[in-house]
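The structure follows.
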Amino acid sequence: MARMKFICDAERCIECNGCVTACKNEHDIPWGVNRRRVVTLNDGVVGAERSISVACMHCSDAPCMAVCPVNCFYKTEDGVVLHDKDLCIGCGYCFYACPFGAPQFPSAGAFGVRGKMDKCTFCAGGPEKDGSKAENEKYGRNRLSEGKLPACAEMCSTKALLAGDGDVLSDIYRERVMRRGRGGDLWGHATAYGRPDAKAAPATPAAPVAQPAPQKS
Amino acid sequence: MMKPINLLLVAGAFAALLSGCGETPQANVAKPGQSAAKEGDKPYQNDQFKGNREEWAKTLRSRADNQNEYKRVN
Amino acid sequence: MLVRKSHDVDGTRLSDHSPMRRFGAASSAQPGRTLDRRAFLKRSGVGLGAGAFASQLPLGFVGKADAAAPAEGTGKAEVKRTVCTHCSVGCAIDAIVENGVWTRQEPVFDSPINLGAHCAKGAAIREHGHGEHRLKYPMKLVNGKYVRISWEQAMTEVGDKLLDLRKTAGPDSVFWVGSSKHNNEQAYMFRKFVSMFGSNNCDHQARICHSTTVAGVANTWGYGAMTNSYNDMQNTKCALYIGSNAAEAHPVSLLHMLHAKETGAKMIVVDPRFTRTAAKADEFVRIRSGSDIPFLFGMLHHIFKNGWEDKKYINDRVFGMDKIKEEVMTKWTPDNVEAACGVPEARMAEITKMFATNRPSTIVWCMGQTQHTIGNAMVRASCILQLALGNVGVSGGGTNIFRGHDNVQGATDVGPNPDSLPGYYGIATGAWKHWCTVWGVDYEWLKKQFASQVMMEKPGMTVSRWIDGVLDPNETIDQDSNLKGIVFWGHAPNSQTRGPEMKKAMEKVEIMVIIDPYPTASAAMPDRKDGVYLLPACTQFETVGTATASNRSIQWRERVIAPLFESQTDHAIMYAFAKKFGFAKEFVKNCKIVKPDGEKKWEEPEVEDILREINKGTWTIGYTGQSPERLKLHMKHMNTFDVKTLRANGGPCSGDYFGLPWPCYGTPEMKHPGSPNLYDTSKHVMDGGGNFRANFGVERDGVSLLAEDGSHSKGADITTGYPELDHVLLKKLGWWDELTEDEKKKAEGKNWKTDLSGGQIRVFMKNHGCHPFGNAKARAVVWNFPDAVPQHREPLYGTNAELTKKYPTHADKGGAFWRVKTLYKSIQDKAIADKVYENFPLVLTSGRLVEYEGGGEETRSNPWLAELQQENFIEINTKDANDRLIRHNDMVWVKSATGSQIKVKALVTERVGAGTTFIPFHFSGWWQGKDLLEKYPEGSAPIVRGESVNVATTYGYDSVTMMQETKTTVCQVVKA
């Protein structure tokens, strides 16, 4: 069975923001809402600067689902975490629970009253009929039902951000790791999917290393 | 270029990280079926895939290969 | 664990505390319409930071369809294949169009150039289908306000005024700034248009981006272009980026480089800044701004010392390397190198070894080298390094010069250059006669359009100096009248230096005409009451045509949508003006006239026919084989081209290189495949091989300039050096009778560049495997340049008086140099005498951001991009900031040695070293602290406005091409 995942290869991410605008473009996301963003750690520090693209990771054990008081989240059979905006009350709990800062709260009116939560859908829309106008208006395009993958990853300038079936991504990433002769930062992977992909970085008995420290390149 | 030993270190690092988190659920994750959300369509229930999940999954897998330039160039 | 982890690694929170250059990216932007994020979080009692709670949204739900979004279930989706217009990489895009509306874009995985990949700009290209902030109809400045007028009124008033100037002040009184964002056909027609107006006073962005490269490189070995390709960088073992921030300026090129790195290539970045590109490199070397020659010659010193040079290659294919060796061994000793560029001997040795021993190695440069008063010498130092190592004409090697705009290479090749007709033919009598024949017009008629034959053959002014053409005293100008009219046809003014003087020039001319999809900063800059016209042109997505990527590949764009609003295509506007000026018939002699949009838009010359005319005349650089039919076939069968070699193996384009990279010699029927890597002797000339060009005579000081025996392209019948091809040579070789009778008639008395039959080239290349431009040595010594051996010279305004005394600039030049006088020494001496470096102790340099392009009006009008960079800023080192009590995010004044000052935000960072500051150059719309919003036509101001760095840049021009100095000047920064 397919298990949809995102991985971001920090060895390749150049912070070009292509993923960010691809998302804005595909879903007509308004100003101020960022389903995806690129974060640079140690900005300007020689040897330590790393960039990563972040959005909803569609976690295996999604904390947002756990905390939602109205149970508006659901998970597709392919592991994509979606939600129903008709149920969402905009309480923001999911935002506090999310380790990636993914949920967005567009304001619905004056005085900064929060509207329905919005987040990355893995380009899979929402509960409305796939590809319908109603779905498009609330959740954006539904690429998965067209046999396409998320626009952000498909357009990534250096193919750093990968999306798709976890097994395929493992194959892609493993090939790179082999070529490089070393692993890299798969930032957020463990948090989202519970363990690093076995095929991507063959697990060995725990080594006494505390952190996947940034690689000196 | 790094030696294979470093690859192991990195792999080990992941494992080390995980030993903290384990596989136990952090909270009462809503189970499928418990969600109050409307039922979404299956992404393959449409004119393009005619309900054929395997066909759909295959399409996505080959689409995913576009993210791997090693398929076109070594 | 999960939650705690999020505290540790939540990027947005971290970025609040770390030096971050994306101001406002996390919170919403537009003042007065946003919820203050910090206030909100405080109120909610939560310490987590993230830009999650945005406001000012018009709609409760995200993704609400706007006017341009599709209606459900209507219309048939069409796919139009186009190419991104934001840089020279040439990324293909499939545009989805429903009912004439551009509704989506899809990646083109088949493209061998970008494999579907895009940067922020390419992934946001569909905004061109909205164009909310575009100039929507013709406008005119009346009493200081822009008012809407009809096209008829605009054409009448503008046309009458320009005709009047032509009559009263002469055809040279108007300066025409063309565009590198025109497609090839429009750029070509623009040069023809200005010629028929009777002037050489035209130019475009290449002047201020790679003019020094084009001149320096062409004078070294033949052609002024990137020798290899982005793709070929996959074959390199080591890449040295010096003065290029490709990760921001050419992001998709990094796809190829990072792939190469994964397969074992080394990557070195040399720059005053630790750029995004440097962050991906194996080695980063910080040099003092403007010290490229000391660095490069420092490398050569180590190369010669260790005997790493390719002695056979140098003997066979290079002229003058002995002189270079002498220079670097005596002058650029490690101590001198360290004093000048700041890199110690051991580090120089380490980097040099990496580059010299991992061959083939390639060098990449961009504006960091070109935009200096000695840009022509810097780029030649780079060429010489590659020649010494035998890296030129080799796959994986070469000088990979990344051009800027999507079609700046093409516009340079066939477009509006003040010193040349299309194809670098120059502007001597013979060149004019050649092009008159191609255009089908009488040479005598054309000559009468000019003020005189002398003016017809005198290079025009440059876009970097038009302001002096307006402001300088008439007696110092090398033409009758000062400039009295300026036409900006697709060109931002804020990308040129000396903003305050430009403003004065804009206020002094009698008429300003801006023909552009956007009003541009030109509309808002001058304080004028009248005499400014804004005419809406459309973008490349609203017409068809070709663009030449940096690697010389030419791609055909289909039309995505009809021209929006009242805009017209550039060639339709040119044709309309040609009618007004009375040379319409001559202008489109060989072109069918078409009306792609019926009565809704104007008629225009057919683009395919224009390309065929280019094919018919541009023999010099092989723009002759790329017929519209061949190019369209390539766009259709992109998947058949190999990513590493760019060559099609099988399929309808079998044997061709993608986009028929020029030179693609001979007629389309000759089926030359294009040239993937220039000067590559390992391939037959009919397989895209070649050798260095014989363009500088056959001997110099008694030494032969032709290549040595055995150094020739594979399979050539002449196995030594030879001069360029003409009818005499062909006869001497006994090959004349291989021409057909018809070809003989046309080829008689001609050379390969003027034989319109293409017969000479056919016989020479196809039958005998020889190169029509001859086979000579590359020149390490360019005796016709001010510094035959590249010399390091300090900028006019520098911070190091001692080095300035040691490496002084050129002597001043008189008026014969591009029609204006140009100062060097007098300015530098005065700056030293006045101790400018004491009051302005920081180096100011400028560069790009990934989200924006060029002057930035187009990209700052695109909300998807504008949101990511909302304010202009100055990068300043922590030490310099602390010394001035400036904190991160403070507003500061950047004071220029000219007396001007600009207000930007301080970004305190280690990215720049102490003593150096950096400001991106894409901003405009502020003027010395003041927002010019009300000076734009209503609704057409860009979303993001900011201070232009070029209000603070200073005087300084390259001694060969008039390239402006933007990369090294001085400033002071104070808290605002």
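Derivation of every value follows stated rules applied to the coordinates shown; laboratory data play no part. Because the structure is predicted, anything quoted here is derived from the model rather than measured. Note that we place each Cβ from the backbone using ideal geometry, even for glycine, and neighbour counts take in every protein chain shown.
Just want to confirm a number: the relative contact order over chain C, from Cα pairs under 8 angstrom separated by 6+ residues, in percent.
16 percent
Something else now. Given chain C, report the % of alpha carbon pairs whose separation exceeds 45 Å.
Roughly 26 percent, once rounded to a whole number.
Mind running the shape call on the range C:552-626? Use the C-alpha gyration tensor, a ≥ b ≥ c as the square roots of the eigenvalues: rounded below 1.5 for a/c, prolate if a/b tops b/c, oblate otherwise.
In terms of gyration-tensor shape, oblate.
First obtain the Kirkwood hydrodynamic radius of the protein assembly as shown from its Cα pairs, then insert it into the Stokes-Einstein equation at 20 °C and 1.002 mPa s, and state the resulting D in µm² per second as a whole number.
On the way: Rh = 31.3 Å.
Translational diffusion coefficient: 68 µm²/s.
Please state the relative contact order of the range C:83-168 as a whole percent: Cα pairs under 8 Å, 6+ residues apart?
For the range C:83-168, the relative contact order is 18 percent.
Kindly state, as a whole number, the per residue volume in cubic angstrom of the convex hull around the alpha carbon atoms of the range C:482-525.
Each residue corresponds to 68 Å³ of Cα convex hull volume.
Quote the charge dipole size of chain C about the Cα centre in Debye, to the nearest 20; the model charges only the Cβ of Lys and Arg (+1) and of Asp and Glu (-1). Provide the component values of the computation, followed by the final result.
Values: 118 positive and 111 negative charges, 271 e Å.
Roughly 1300 debye for chain C.
Restricting attention to the alpha-carbon atoms of the range C:443-516, what are Rg (one decimal) and Dmax (integer), both in Å?
Looking at the range C:443-516, its Cα Rg and Dmax stand at 13.7, 42 Å.
Can you give the calculated 222 nm mean residue ellipticity of the protein assembly as shown, where each DSSP H run of n ≥ 4 adds -39,500 (n - 2.57) and the sum is split over every residue, rounded to the nearest 500 deg cm²/dmol? Mind showing how you got there, number by number?
Values: 44 runs with 369 residues, N = 1267.
Counting only the DSSP helices, I get -8000 deg cm²/dmol.
Please enumerate, by chain and number, the lysines with C-alpha under 20 Å from the C-alpha of residue C:732, excluding those fewer than 8 residues away in the same chain.
Residue C:732 reaches C:744, C:745, C:746, C:750, C:753, C:766.
Would you list which lysines come within 19 Å of residue C:266, measuring only between C-alpha atoms, while excluding same-chain residues fewer than 8 positions from it?
Straight-line reach from residue C:266, under 19 Å: A:216, B:3, C:237, C:280, C:353, C:644.
Cross-link partners among aspartates and glutamates for residue C:879, C-alpha distance below 17 Å, same-chain residues fewer than 8 apart left out?
A:43, C:890, C:910
What list of whole percents do you get for P(r) of the range C:379-482, with Cα-Cα distances grouped in 10 Å bins up to the one holding the largest distance?
Using 10 Å bins, I get a P(r) of 12, 28, 28, 22, 9, 0 for the range C:379-482.
Specify which residue in the list C:811, C:894, C:363 is farthest towards the positive end of the charge dipole of the protein assembly as shown, using unit charges on the beta carbon of Lys, Arg (+1) and Asp, Glu (-1), about the Cα centre.
C:894
In angstroms, what radius of gyration and Dmax does the range C:81-168 have, counting Cα atoms only?
Reported Rg and Dmax, both Å: 19.6, 56.
Rounded, prolate or oblate, given the Cα gyration tensor of the range C:562-686, with a/c below 1.5 counting as rounded?
prolate
Taking neighbour counts of Cβ atoms within 10 Å as a proxy for exposure, in what order, fewest first, do C:226, C:512 appear? List each step's numbers first, then the result.
On the way: C:226 27, C:512 23.
Starting with the residue having the fewest Cβ neighbours, the order is C:512, C:226.
Specify whether the C-alpha gyration tensor of the range C:864-975 places it in the rounded, prolate or oblate class, a ≥ b ≥ c being the square roots of the eigenvalues: rounded for a/c under 1.5, otherwise prolate if a/b is larger than b/c and oblate if not.
Taking the square roots of the gyration eigenvalues as a ≥ b ≥ c, the range C:864-975 is oblate.
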